[in-house]
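One structure is given below, encoded as structure tokens.
The values are calculated or read from the model by the stated rules, or taken from the named source; none is laboratory data. Bear in mind the structure is a predicted one, so any value in this text is a computation, not a measurement. No Cβ is skipped: glycine too gets one built from the backbone with ideal geometry, and neighbour counts run over all protein chains shown.
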Amino acid sequence: MVLNVEDITGFGFLIWLVLTGLFYLVLYMAVLNIADDKLGNSPLKIPVLLALSGPSAFLMAMFDYNPMILFFLMVGSNYFRIRKQKQLRNSDTPVNKPLSSIASFGYLIALYGIAAWLQQPVDFDGMMKPLWKTWIPEAPE
């Protein structure tokens, strides 16, 4: 969903705000906090988060959501989240901040990049469609 000046005062803006809040809660807070809780300082955190960025980006593309503002919101929040981390939950082990930074910022960059790539318009049978819609065949009438 790309907002124009006309959309800011209409119902489209309300939908955009709701989607931004939901994507922030689910694709940022839930994914990164669960990854921190389950994987801790494990190097597996990087490939797991990169693998999760694909389905998350596809979800954004399905809702036709432009992730630019959400991306900057999540990057800013992530900077302060990593700065604030002192130790792993439920243990006295200190957080490996370089690993946590690489994994979380890599996830966010991959999430934005894949979502933007899936939404790029392509010419399909004489019509411009988002790339992800060309993968799904239409049902015959």
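Results, tabulated for the structure shown:
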{"quantity": "Given (1) over 30 Å from residue 93 (Cβ atoms); (2) at pLDDT 90 or above; (3) of a type in the set (A, V, I, L, M), number of the condition residue 31 does not satisfy", "calculated": "(1)"}
{"quantity": "Within region 18-115, helices (runs of 4 or more DSSP H) holding 1 or more residues that are surrounded by 16 or more Cβ atoms within 10 Å (Cβ to Cβ) and of a type in the set (S, T, N, Q)", "calculated": "45-62, 68-84"}
{"quantity": "Test: residue in region 49-72 that is touching a Leu at 6+ places or on another chain (Cβ under 8 Å) and among the charged types (D, E, K, R)", "calculated": "no"}
{"quantity": "Residues of region 116-141 satisfying the condition of being among the hydrophobic types (A, V, I, L, M, F, W, C), surrounded by fewer than 16 Cβ atoms within 10 Å (Cβ to Cβ) and out of contact with any Lys or Arg (no Cβ under 9 Å at 6 or more places or on another chain)", "calculated": "117, 127, 128, 131, 135, 136, 139"}
{"quantity": "Index of the failed condition, residue 126 passing every other in (1) under 30 Å from residue 17 (Cα atoms); (2) free of Cβ contacts under 8 Å to residues at least 60 places away in the same chain", "calculated": "(1)"}
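Residue-wise test of (1) among the basic types (Lys, Arg); (2) modelled with pLDDT of 90 or more.
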residue: 65; (1), (2): no, no
residue: 85; (1), (2): no, no
residue: 89; (1), (2): yes, no
residue: 96; (1), (2): no, no
residue: 103; (1), (2): no, yes
residue: 109; (1), (2): no, yes
residue: 112; (1), (2): no, yes
residue: 139; (1), (2): no, no
